[in-house]
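Below: the structure, in structure tokens.
The values are calculated or read from the model by the stated rules, or taken from the named source; none is laboratory data. If you're wondering where the values come from, they're calculated on a predicted model, not measured in any experiment. Don't worry about glycine lacking a Cβ; one is built from the backbone with ideal geometry, like all the others, and counts go over all protein chains shown.
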């Protein structure tokens, strides 16, 4: 069963890579910027996150110390373009408190821990759900964990690989159980699925005719 699934998943990956090429995701200058972006991108478009991160960079605040020492009201104003800025300011502060408590503000030190244990503790942080946690672990920490999002679930459901109401953990296990743990591939695969979902496999009126995954798995 797993061997068959591995073949299906690798075939899809190869089709998408051939069609789209490398996606160069996540766009950031530092791992900490990735972590901040993963929190800010919740429920908003990436273009809004870029504006918020640009504000923090302009003020020289995009570092663990800079954000940790910044009053939450000021942080909220700087990240206003990302939407839900008061909530996200609190979530960033929760993450920073966790980072300082666990690793004295050193993200590299934090990411040196075992993946499963680190993921479990990261998920205990208020405001850090599975998708955000896995994004931080994969893209900031170079940990071999697969990120699941709405696009991925939609694509797999439409190709009859997973039920529509599949849970996050079940969808993640679909990849994790049958693909070898490869940070580079997981990074690229997720980015390719996001691009496919954004351009072709949209929520309504998907462009199945021109989709590079059209006819795949049939």
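Counting only residues that are in contact (Cβ under 8 Å) with a residue 60 or more places away in the chain and assigned to a loop (DSSP other than H, G, I, E, B), region 160-192 holds 4 of them. The set of residues in region 147-157 being surrounded by fewer than 22 Cβ atoms within 10 Å (Cβ to Cβ) and either within 10 Å of the chain's Cα centre (by Cα) or outside the structural domain of residue 12 (by TED's automatic domain parsing) (or both) consists of 149 alone. The set of residues in region 1-23 being closer than 16 Å to residue 193 by Cβ, free of Cβ contacts under 8 Å to residues at least 24 places away in the same chain and not in a helix (DSSP H, G or I) consists of 21 alone. A Cβ distance below 6 Å, combined with a sequence gap of six or more or placement on separate chains, defines the contacts here; from region 196-209, residues that are farther than 21 Å from residue 22 by Cα reach residues that are at pLDDT below 95 in the pairs 208/214.
Quick check on my filter: what residues within region 84-104 are touching a residue at least 40 places away in the same chain (Cβ under 8 Å) and surrounded by fewer than 17 Cβ atoms within 10 Å (Cβ to Cβ)?
At the first step, the residues of region 84-104 found to be touching a residue at least 40 places away in the same chain (Cβ under 8 Å) are 84, 87-88, 91-92, 95.
Scanning region 84-104 gives 84, 87.
One residue stands out among those in region 69-83 that are buried (at least 16 other Cβ atoms within 10 Å of the Cβ) and within 21 Å of residue 125 (Cα to Cα): the one that is nearest to the chain's Cα centre (by Cα), which is 82.
Residue check: is residue 167 at pLDDT 95 or above and out of contact with any helix residue (DSSP H, G or I) (no Cβ under 9 Å at 6 or more places or on another chain)? Against the criterion (at pLDDT 95 or above and out of contact with any helix residue (DSSP H, G or I) (no Cβ under 9 Å at 6 or more places or on another chain)), residue 167 qualifies.
Take residue 206 and decide whether it is farther than 25 Å from residue 47 by Cβ and outside any helix (DSSP H, G or I). It would help to see each step written out before you state the result.
On the way: farther than 25 Å from residue 47 by Cβ: no; outside any helix (DSSP H, G or I): yes.
No, not satisfied.
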